[in-house]
2 protein chains.
Amino acid sequence: MSIFSKTCEYAIRAVFFIAHRTESGDRVGIKEIATGISSPEHFLAKILQDLSRRGIVKSAKGPNGGFYMDEQTLRRPLVDVVEAVDGNGLFVGCGLGLVSCSEKKPCPLHAEFAVIRKNIHQMLVKTSIGDFTEDLNLGITNLKK
Amino acid sequence: MSIFSKTCEYAIRAVFFIAHRTESGDRVGIKEIATGISSPEHFLAKILQDLSRRGIVKSAKGPNGGFYMDEQTLRRPLVDVVEAVDGNGLFVGCGLGLVSCSEKKPCPLHAEFAVIRKNIHQMLVKTSIGDFTEDLNLGITNLKK
DNA sequence: AAAATAAAAGATAAAAAACTCTTTTATTAT
DNA sequence: ATAATAAAAGAGTTTTTTATCTTTTATTTT
């Protein structure tokens, strides 16, 4: 198990990649993104179609088409990407899978999980898609394999 | 997505239940555990077989048989249960799924995830299976549905 | 020894997640 | 208008996870 689903990992890596490649305003094709983040091309295509429908990335068909981002999408918090793909199960909901778990009727790990869930949520709310472009440009960080 | 797999959620709930029901030293059957934690009986049986092989729970066949725990297993940290079922992917490994991600060649969220992973790990190391028995006995916490 | 009990083991089935391939639609450039 | 390009959409397949059912093995009680 990892924190995010595979789909969500690809989604986050893809939006980082697009942000980093479209600062100048131009577009980047699915093939280039897929190789750039080491993901299966057609599977990623499905994911980006979905993110596009939800307005998290922009896309254009035809020659010189591809995926890109505008100032507004670059400022969207990471939590928007995660929620679009994996839903909010990571932030709400019981760590032990109990639907009835609540402050009143808590599971044994309720308090412990509250802290962890809050940490994850805050991290994803504080960070925006565009925040990571500079380090990628500088080669400090990396999205491949 | 939730933090743990369904299997792991059942496993944790089951060990809590067994700990809580076997303080007095007696054994509890798979049927009783399954209804006590709202899990599918045969699926849970598989999980407990595995935990039993790994020494995380004890079991005995035949009349008056069932699952139980001794002092030693009650003191084992929760992380042992999680690692037995879900592996250590939650504590080690990259949040974005990059196998090559490291301090030297980090993914963009490397630092952010380091904190979260450490939180989760510490929580699971600090808490033991037996730590939750009292609250369950008092009816403060709950393992059903 | 025989019957009853309960976990272990084996074999299968259903559902969800991950992944692939093909066709269609929109856009641009010639 | 035509050809070329690239995403969108549709229709699968494969793998993993979750779940069920049946048979076997070990243990206890009578």
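Quick one: how many residues across region A:3-33 are surrounded by fewer than 19 Cβ atoms within 10 Å (Cβ to Cβ) and among the small types (Gly, Ala, Ser)? Within region A:3-33, residues that are surrounded by fewer than 19 Cβ atoms within 10 Å (Cβ to Cβ) and among the small types (Gly, Ala, Ser) number 4.
Quick check on region A:101-121. Is at least one of its residues within 12 Å of chain B (Cβ to nearest Cβ), within 16 Å of DNA strand D (Cβ to nearest atom), in contact (Cβ under 8 Å) with a residue 40 or more places away in the chain and not in a loop (DSSP other than H, G, I, E, B)?
Initially, region A:101-121 is screened for residues within 12 Å of chain B (Cβ to nearest Cβ), giving A:101-121.
If we keep only those that are within 16 Å of DNA strand D (Cβ to nearest atom) too, we end up with none.
Checked region A:101-121: no residue is within 12 Å of chain B (Cβ to nearest Cβ), within 16 Å of DNA strand D (Cβ to nearest atom), in contact (Cβ under 8 Å) with a residue 40 or more places away in the chain and not in a loop (DSSP other than H, G, I, E, B).
Would it be correct to say that B:Phe113 is buried (at least 19 other Cβ atoms within 10 Å of the Cβ), closer than 25 Å to B:Ser52 by Cβ and among the aromatic types (Phe, Trp, Tyr)? Judged against the criteria, B:Phe113 is not a match. A:Gly55 meets the conditions (1) within 16 Å of the chain's Cα centre (by Cα); (2) crowded, with 16+ Cβ neighbours inside 10 Å; (3) on the phi > 0 side of the Ramachandran plot in every case but one. The failed one is (2).
Just the residues that are among the charged types (D, E, K, R) and closer than 20 Å to B:Gly130 by Cα, please, taken from region B:32-64.
Our first condition is that a residue be among the charged types (D, E, K, R); within region B:32-64, this holds for B:32, B:41, B:46, B:50, B:53-54, B:58, B:61.
Those that are among the charged types (D, E, K, R) and closer than 20 Å to B:Gly130 by Cα: B:Glu32, B:Asp50, B:Arg53, B:Arg54, B:Lys58.
Let me confirm something: among A:Ile37, A:Ile56, A:Ile12, which residue is within 16 Å of DNA strand C (Cβ to nearest atom), more than 8 Å from chain B (Cβ to nearest Cβ) and of a type in the set (Val, Ile, Thr)?
On the way: A:Ile56 fails: within 16 Å of DNA strand C (Cβ to nearest atom); A:Ile12 fails: more than 8 Å from chain B (Cβ to nearest Cβ).
Of A:Ile37, A:Ile56, A:Ile12, the one residue that is within 16 Å of DNA strand C (Cβ to nearest atom), more than 8 Å from chain B (Cβ to nearest Cβ) and of a type in the set (Val, Ile, Thr) is A:Ile37.
For B:Leu90, the requirement of being more than 25 Å from B:Gly139 (Cα to Cα) and either buried (at least 19 other Cβ atoms within 10 Å of the Cβ) or in contact (Cβ under 8 Å) with a residue 60 or more places away in the chain (or both) is met. Of the residues making up region A:4-61, those that are more than 9 Å from DNA strand D (Cβ to nearest atom), over 30 Å from B:Ser5 (Cα atoms) and among the charged types (D, E, K, R) are A:Arg21, A:Glu23, A:Asp26. Within region A:72-91, restricting attention to residues that are of a type in the set (A, V, I, L, M) and at the interface with chain B (Cβ under 10 Å from one of its Cβ atoms), the residue that is farthest from the chain's Cα centre (by Cα) is A:Leu90. Taken together, the residues in region B:59-92 that are of a type in the set (Lys, Arg) and within 14 Å of DNA strand C (Cβ to nearest atom) amount to 1.
Kindly indicate whether any position in region B:90-97 is within 15 Å of DNA strand D (Cβ to nearest atom) and under 17 Å from A:Pro108 (Cβ atoms). Reasoning before the result, please.
At the first step, the residues of region B:90-97 found to be within 15 Å of DNA strand D (Cβ to nearest atom) are B:90, B:93, B:97.
Those still in the list that are under 17 Å from A:Pro108 (Cβ atoms) too: none.
Scanning region B:90-97 turns up no residue that is within 15 Å of DNA strand D (Cβ to nearest atom) and under 17 Å from A:Pro108 (Cβ atoms).
Pick from region B:128-142 the residues that are within 7 Å of chain A (Cβ to nearest Cβ) and touching a residue at least 24 places away in the same chain (Cβ under 8 Å): which of them is nearest to A:Pro40 (Cα to Cα)? Give the derivation first.
Narrowing region B:128-142 to residues within 7 Å of chain A (Cβ to nearest Cβ): B:132, B:135-136, B:141-142.
Checking the rest, the ones that are also touching a residue at least 24 places away in the same chain (Cβ under 8 Å) come to B:132, B:136.
Numbers: B:Phe132: 44, B:Leu136: 47 Å.
For region B:128-142, the residue satisfying everything is B:Phe132.
Every read-out reported here was derived from the displayed coordinates using simple, explicitly stated rules and does not represent laboratory data. The structure displayed is predicted, hence computed values, not measured ones. Because the Cβ atoms are built from the backbone with ideal geometry, glycine has one as well, and the counts that use them run over all protein chains shown.
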